[in-house]
Amino acid sequence: MYQVADKLTHTIKQFTEFTHKQPIDWECKPLSEKWSNKEIIGHLCDSAQINLQRFVRCTYEENFKLVYEQNEWVKVQRYQEMHLPDLLQLWHLLNLQIDRVLRGYPENRLQAQCDNNKHEVSLHTVEWLAQDYIKHLEHHLNQIK
């Protein structure tokens with residue numbers, strides 16, 4: 001799990017440095033139904049919260065379902081209206097907490113599973129969820145670049 005946590009640390013650092021060097025249009029929505037860059041970061045905050053709960057709960061339970069409605073969450077939380085430094089700090093802190101949890105993850109719980117599919121049962125191990133979290137994070141951060 002340390003490799004996944006190292007990748008997360010690297011991704012956080014790389015994106016934070018990028019945001020300090022490059023001008024980014026955070027507000028613009030390419031289409032009315034598409035997310036702005038602020039809303040993408042908001043979505044990543046939501047994803048971090050859900051995945052943090054999965055990682056924590058998998059340390060002591062298994063086969064539970066934990067899903068969310070991503071578009072509704074972004075809309076209800078009004079990330080577009082949020083002060084950008086606060087939004088970036090929220091994203092940063094949530095990911096630092098995930099990093100802490102992953103670095104201390106119990107070896108005997110790495111194969112614990114939970115269901116992350118809305119419609120049918122789709123069980124995945126903590127190892128898979130952690131790797132998928134990084135892929136999802138990188139995908140969306142690359143949309144901003």
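The values are calculated or read from the model by the stated rules, or taken from the named source; none is laboratory data. Since the structure is predicted, the reported quantities are computational estimates derived from the model, not experimental observations. Glycine also receives a Cβ, built like all others from the backbone with ideal geometry; neighbour counts cover every protein chain displayed.
Put simply, of Glu62, Glu27 the only residue that is farther than 22 Å from Lys145 by Cβ and over 18 Å from the mean Cα position of the chain (by Cα) is Glu62. Criterion first (modelled with pLDDT of 95 or more and among the hydroxyl-bearing types (Ser, Thr, Tyr)) does Thr11 satisfy it? Yes: the conditions hold for Thr11.
The rows are residues; the columns are (1) at pLDDT 95 or above; (2) part of a loop (DSSP other than H, G, I, E, B); (3) in contact with an Asp or Glu (Cβ under 6 Å, 6 or more places away or on another chain).
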| site | (1), (2), (3) |
| --- | --- |
| Cys45 | yes, no, no |
| Ile50 | yes, no, no |
| Glu61 | yes, yes, no |
| Leu88 | yes, no, no |
| Leu94 | yes, no, no |
| Gln97 | yes, no, no |
| His119 | no, yes, no |
| Leu129 | yes, no, no |
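Condition first: surrounded by 15 or more Cβ atoms within 10 Å (Cβ to Cβ) and farther than 15 Å from Leu94 by Cβ. Now tell me which residues in the stretch 32-56 satisfy that.
Listed by number, the residues that qualify are Trp35, Ser36, Asn37, Lys38, Glu39.
Can you confirm whether Glu39 is part of a helix (DSSP H, G or I), without any contact (Cβ under 8 Å) to a residue 24 or more places away in the chain and among the acidic types (Asp, Glu)? In short, no. Restricting Gln77, Gln89, Gln97 to those that are closer than 16 Å to Leu44 by Cβ and either in contact (Cβ under 8 Å) with a residue 40 or more places away in the chain or of a type in the set (Phe, Trp, Tyr) (or both) reduces the list to Gln97.
Screening Tyr68 on (1) assigned to a loop (DSSP other than H, G, I, E, B); (2) at pLDDT 95 or above; (3) within 30 Å of Ala112 (Cβ to Cβ) shows it passes everything except condition (2).
Name every residue in the stretch 78-95 that is within 24 Å of Ala130 (Cβ to Cβ), crowded, with 16+ Cβ neighbours inside 10 Å and of a type in the set (S, T, N, Q), in order of residue number. Correct list: Asn95 only.
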